[in-house]
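S.K.: The structure is given below, and queries will be raised subsequently.
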Amino acid sequence: MKPILLQGHERSITQIKYNREGDLLFSVAKDTICNVWYSVNGERLGTYNGHTGAVWCVDCDWDTKNVLTGSADNSCRLWDCETGKQIALVDTSSAVRTCGFDFSGNIIMFSTDKQMGYQCFLNFYDLRDPQQIEDNQPYISLPCNDTKVTSAAWGPLGEYVIAGHENGEINQYSAKDGEILKKAKEHSRQINDLQLSVDLTMFISASKDCTAKLFDSSSLDHIKTFKTERPVNSAAISPMMDHVVMGGGQEAMDVTTTSTRIGKFEARFFHAAYEEEFGRVKGHFGPINCVAFHPDGKSYSSGGEDGYTRIHYFDPQYFDFELEA
């Protein structure tokens, strides 16, 4: 399996996201730029320029019309996907950590960091009402006083947002009135990433406590646990196989204090039902910060602390592989 190497960032990748068809791959990094690539051959389509700080998150709506980015320059920006023009800008009082479109593409949510004396907020804007963005008045602004939101994703039908917190809690927040619908506390440390399955019935959480866990999205029931010996930075669920991929490694600041064996920075494949690891893919010269499956399940991508994004197309034998139980 030969990877396609995407070199478009000067600093470490913070998030990668496929659009719904999977023909485009968006990557954002700590170098202020959002890149969009053709996933089939790794050609760069263009960039979205305007942020002045590290970009933490990116999302694309379901018909690939708009792109949303959130950055440490205290802004969340909406772009026209095709032309790269900035459509809207929402100023915040602290860095924007997570962002996302709901299924309709009409409502956006983003969370801000708890820093410099400001609270962590989860904000909801309705794009059909341009006044909300002009007046910088979200229709819901939820203060998360206890512990900040470190990752978030929309649940099915845009009814609620599933948010992972710094203390390992996972909450469901209603998009209508901001109520907490359900809570789960299965992780002991910060949740680095939440990604839903392609049918939105399940999601996987990646945590600093060295595990990734599979949950039911509507009931927040804990289904499976995948254990590693390193903090997990990101995890994704395969849309066609019963597989999950996890990327991790140490914190960036601990990297220089450990042995030089690159093998610590592999993407690891687990069987979703048996919780068994069955494969590893080497490649990055540093921790993997994010992983994503292509919506057709025939390839996956990973973005690393080394600033590279790698697209891996699976070999034919991957699809015939069956784990012996």
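The values are calculated or read from the model by the stated rules, or taken from the named source; none is laboratory data. Predicted model only: the values in this text are computed from it and were never measured. All Cβ positions, glycine included, derive from the backbone under ideal geometry; neighbour counts span all protein chains shown. SASA here: full protein model, heavy atoms, side chains in, ligands and nucleic acids out. Shrake-Rupley method; radii C 1.70, N 1.55, O 1.52, S 1.80 Å.
S.K.: For residues that are open to solvent by 10 Å² or more (accessible area, probe 1.4 Å) and part of a loop (DSSP other than H, G, I, E, B), scanning just the stretch 89-104, find the one that is farthest from Ser174 (Cα to Cα).
M.R.: Ser93
S.K.: Being on the phi < 0 side of the Ramachandran plot and either open to solvent by less than 30 Å² (accessible area, probe 1.4 Å) or modelled with pLDDT under 90 (or both) narrows it down to one residue among Glu322, Glu275; which is it?
M.R.: On the way: Glu275 fails: on the phi < 0 side of the Ramachandran plot.
After ruling out the rest, the residue left standing is Glu322.
S.K.: Still on this structure, I have one more. So if I check each of Leu122, Leu200, which one is outside any loop (DSSP other than H, G, I, E, B), under 17 Å from the mean Cα position of the chain (by Cα) and of a type in the set (A, V, I, L, M, F, W, C)? So that I can check it myself, show each step before the final result.
M.R.: Values: Leu200 fails: outside any loop (DSSP other than H, G, I, E, B).
That would be Leu122, the only listed residue that is outside any loop (DSSP other than H, G, I, E, B), under 17 Å from the mean Cα position of the chain (by Cα) and of a type in the set (A, V, I, L, M, F, W, C).
S.K.: Taking the stretch 7-46 on its own, how many of its residues are part of a strand (DSSP E or B) and either touching a Cys at 6+ places or on another chain (Cβ under 8 Å) or within 19 Å of Trp79 (Cβ to Cβ) (or both)? Working first, answer last.
M.R.: From the stretch 7-46, those part of a strand (DSSP E or B) are 7, 13-18, 24-29, 34-38, 44-46; that's our starting set.
Within this subset, residues satisfying the condition of being either touching a Cys at 6+ places or on another chain (Cβ under 8 Å) or within 19 Å of Trp79 (Cβ to Cβ) (or both) are 13-18, 24-29, 34-38, 44-46.
Residues in the stretch 7-46 being part of a strand (DSSP E or B) and either touching a Cys at 6+ places or on another chain (Cβ under 8 Å) or within 19 Å of Trp79 (Cβ to Cβ) (or both): 20 in total.
S.K.: Just give me the residues in the stretch 208-234 being open to solvent by less than 20 Å² (accessible area, probe 1.4 Å) and under 17 Å from Ser302 (Cα atoms), in sequence order.
M.R.: Selection gives Ala212, Val232, Ser234.
S.K.: Does any residue in the stretch 42-63 that is within 13 Å of Ile108 (Cα to Cα) come within less than 8 Å, Cβ to Cβ, of a residue that is hydrophobic (A, V, I, L, M, F, W, C) and not in a strand (DSSP E or B) six or more places away or on a different chain, and which pairs are these?
M.R.: Pairs that qualify, where the first residue is within 13 Å of Ile108 (Cα to Cα) and the partner is hydrophobic (A, V, I, L, M, F, W, C) and not in a strand (DSSP E or B), are Cys60/Cys81; Trp62/Phe103.
S.K.: Sort out which residues of the stretch 148-175 are in contact (Cβ under 8 Å) with a residue 24 or more places away in the chain and open to solvent by 10 Å² or more (accessible area, probe 1.4 Å), and write them in order of number. If you could, list the steps in order and put the result at the bottom.
M.R.: Here is the first cut: in the stretch 148-175, the ones in contact (Cβ under 8 Å) with a residue 24 or more places away in the chain are 148-158, 161-166, 168, 170, 172-173, 175.
Across the stretch 148-175, the qualifying residues are Lys148, Thr150, Ala152, Ala153, Trp154, Pro156, Leu157, Gly158, Glu166, Tyr173.
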